[in-house]
Amino acid sequence: MVTSERMSASPTPTTASSPSLPPKQYGVTKPISILEPSEADIQRTRELEKFLVEAGLYESKEEAVKREEVLGRIRQIVKDWVKDLTRLRGYSDQMVEDANALIFTFGSYHLGVHGPGADIDTLCVGPSYVNREEDFFFILHNILAEMEEVTELQPVPDAHVPVMKFKFDGISIDLLYASISLLVVPEDLDISDMSVLYDVDEPTVRSLNGCRVADQILKLVPNVEHFRTTLRCLKFWAKRRGVYSNVTGFLGGVNWALLTARVCQLYPNAVPSMLVARFFRVYTLWRWPNPVMLCAIEEAELGFSVWDPRKNPRDKTHHMPIITPAYPCMNSSYNVSTSTLRVMMDQFQYGNKICEEIELNKAQWCALFEPYLFFESYKNYLQVDIVAADVDDLRAWKGWVESRLRQLTLMIERDTYGKLQCHPYPHEYVDSSKPCSHCAFFMGLQRKPGEMVQEGQQFDIRGTVEEFKHSINMYMFWKPGMEICVSHVRRKQIPTYVFPEGYKRSRHPRFPSQLQSDKQSCEDGDAHQTGSGNRLLKRKKDPDAVEQDTPGKRQSISPQRQDSISPERMAPSSLSSMTGSNIGPINSNKKILDQEIVEVVNISNSSIITSLTSDDVGNESVAGSTEGNNGSIDGSVEGSNNLGSSQSDSCDADSESLLENGNLDGNGVFRNRLQGELEPNAGLGEVLQSMGSIDSETVQKPVLSRLSLTSTA
């Protein structure tokens, strides 16, 4: 459990204490600020840690002991498994005696930020003669299946990182396997050493990299305890705001860890309350697709591909590159799409405004963690119902469908030319009244704000949905009873089982600025017609078409309590008043911080990527990369206008405050010959190119007779 005594006594980098020495550089650039925390910062950190404890984010001592016991049991199981295989394959008695396998942990458990009930990410490292395909997924699987302590055993051999999931005595385990090029695995194996990557295949490299990345993160942050508290806070926030899910296209645990670690490097002496606030300030202003990285990308002679937009065309299409610090360096957030990046940028803006209020003592920490009211934020939704014959079949079927939901987002973006924005929600809901095993996922839908369309225009995405269902039904382990239904529902038709205690929360009236914004958008739509999406835009009335969102009757939902900050105060346009002083703490040292920020951004970034020159990395603005940030989440921050315009208003301060975004020439102009090539939408349909079009007569009959969406204002 975290204590304020430990927080206040936590060591800070020794290099910052001596004025005669330059501050130690963590990461690829100098820090933005090395200021020590004020008494107010320390007090806010105590309050934050108290909140996290009361929120139940720390496990009990009893559970911690049980986890260690379970890991001990698994270590013994894999050692015995390898020894038995060694004996069966006719090796000498000495080889059998020396035969060994090791268990390493990674993820939240290794980083020290796991909570009650969290799973443990584990890696088994075995000798070269014990393979993954047969020995791990067949023999070890059967050994575990026969054990009374093991439940919910689910092998996933065809995953990007092959994994075996199960519960051991109630503790969730994700177990990977890596066979390294040694006949005997030593007990003191250093998994961070480059030698473990010799003569192994790419799935093995990906399996090993989880542990290698976790080790590097802990080595590259200035203060591990401050990093842990900050990360624990931000992971909790991301789950509350619906943006914690790698498989859905948001960010997973390692992504949040890397983003947090980078902010820790930029503010090496900051305490957690400061780091949380700086996190939102930094990433609200970040110019994606500029990469976030903790160290320079190194290229070894082992031949594995590293993230490099110069050499790898696919890397140019990544929207939100967050690069892992261990060789081979990869983009850990390749699943992020245009739509999910837009949602995350809106949520970063929300977090930034709340933290500003907290620093001014106008709000408490609980305001930051208000749950996102997803079902009050849109007028139109897609409901994806998944059913199976029993619980075990549903677990496998649901995992497959959930892993493909990101493709549905990409398909809709592709087929509507980005005019229809999707917000997949990474939570599953269960209708307990159904006789069969069931769960459902939902996606919010809205027309891209700012698009000029005529009243009554519709998006017909029935063909898109049929193509998605066709790909889902290609599941190689399909069983009778596994079914999927995709339907369009309006907000007023959302089933009651998705709401806590079965009720819907009341909606609040719109704010004048939001009404004015919608009025202007509507007037623009009546005056002009976009031509790129005419193929899918229809101008006819339909009983299943979504009701038109008119300024007079549409209502906005505040994403937080009515007595908290209003959407007007969350508008990105408020960024136009930002200066460099907002990056540092709101205290008497802000003038000093202003000067430090200016000095930092004048540093050339040519050394950030050792294999790339600074002008090879894209510097597209947030507004361009999110392709929808000119309008925020419908109903949560609807009053928001174009983030790009707010950035241009504060360009002199904001563009010079974020280190890796500053590939500027002497005149403040971005030097970027690949800017056009790095356009985020360039590869939107690339993932799906091989799927081609689907003949409507060859696919299953649609569940819906009509699925067309009226463009919403």
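General remarks:
- Checking region 123-132 against the condition returns no match, with no residue being free of Cβ contacts under 8 Å to residues at least 40 places away in the same chain and over 29 Å from PHE227 (Cβ atoms).
- The set of residues in region 88-100 being surrounded by fewer than 14 Cβ atoms within 10 Å (Cβ to Cβ) and touching a residue at least 40 places away in the same chain (Cβ under 8 Å) consists of ARG89 alone.
- Filter result for ILE191 (open to solvent by less than 30 Å² (accessible area, probe 1.4 Å) and modelled with pLDDT under 95): yes
- The set of residues from region 34-66 being under 21 Å from VAL221 (Cα atoms) and of a type in the set (A, V, I, L, M) comprises ILE34, LEU35, ILE42, LEU48.
- Here MET164 meets the list (1) assigned to a loop (DSSP other than H, G, I, E, B); (2) open to solvent by less than 10 Å² (accessible area, probe 1.4 Å) almost entirely, failing just condition (1).
- Restricting attention to region 231-261, the residues being among the hydroxyl-bearing types (Ser, Thr, Tyr), open to solvent by less than 30 Å² (accessible area, probe 1.4 Å) and in contact with a helix residue (DSSP H, G or I) (Cβ under 7 Å, 6 or more places away or on another chain) number 2.
- Of the residues examined, PRO371 is not one that is under 30 Å from ARG212 (Cβ atoms) and open to solvent by 10 Å² or more (accessible area, probe 1.4 Å).
- Any chance ASP315 is within 30 Å of THR496 (Cβ to Cβ) and among the charged types (D, E, K, R): no
- Checking each residue in region 483-500 for being among the β-branched types (Val, Ile, Thr), within 15 Å of ASN380 (Cβ to Cβ) and surrounded by fewer than 16 Cβ atoms within 10 Å (Cβ to Cβ) picks out only VAL489.
- Scanning region 214-230 for residues that are open to solvent by less than 10 Å² (accessible area, probe 1.4 Å) and farther than 16 Å from PRO268 by Cβ gives a single hit, ALA214.
- Among the residues here, ASP392 qualifies as modelled with pLDDT under 90, out of contact with any strand residue (DSSP E or B) (no Cβ under 7 Å at 6 or more places or on another chain) and more than 30 Å from ARG232 (Cα to Cα).
- Search result, residues across region 407-421 that are surrounded by fewer than 23 Cβ atoms within 10 Å (Cβ to Cβ) and of a type in the set (D, E, K, R): ARG414, ASP415, LYS419
- Test: residue in region 68-87 that is acidic (Asp, Glu) and either crowded, with 20+ Cβ neighbours inside 10 Å or modelled with pLDDT under 90 (or both): no
- Looking only at region 101-147, and only at residues there that are among the small types (Gly, Ala, Ser) and open to solvent by less than 30 Å² (accessible area, probe 1.4 Å), the one that is nearest to GLU187 (Cα to Cα): ALA101
- Only one of the listed residues (LEU189, LEU218) is within 19 Å of ASP121 (Cβ to Cβ) and either free of Cβ contacts under 8 Å to residues at least 24 places away in the same chain or within 21 Å of the chain's Cα centre (by Cα) (or both). That residue is LEU218.
- Tallying residues that are of a type in the set (S, T, N, Q), in a helix (DSSP H, G or I) and surrounded by 19 or more Cβ atoms within 10 Å (Cβ to Cβ) within region 31-49 yields 1.
- Some residue of region 422-434 being closer than 30 Å to ILE358 by Cβ and open to solvent by less than 10 Å² (accessible area, probe 1.4 Å): yes
- Residue within region 311-333 that is within 12 Å of the chain's Cα centre (by Cα) and of a type in the set (Val, Ile, Thr) present: yes
The values are calculated or read from the model by the stated rules, or taken from the named source; none is laboratory data. From a predicted model like this one, the values you see are computed outputs, not experimental measurements. Cβ coordinates were reconstructed from backbone atoms using ideal geometry, including for glycine residues, and neighbour counts include every protein chain displayed. Calculation scope for accessible area: heavy atoms of the full protein, side chains included, ligands and nucleic acids excluded. Shrake-Rupley method; radii C 1.70, N 1.55, O 1.52, S 1.80 Å.
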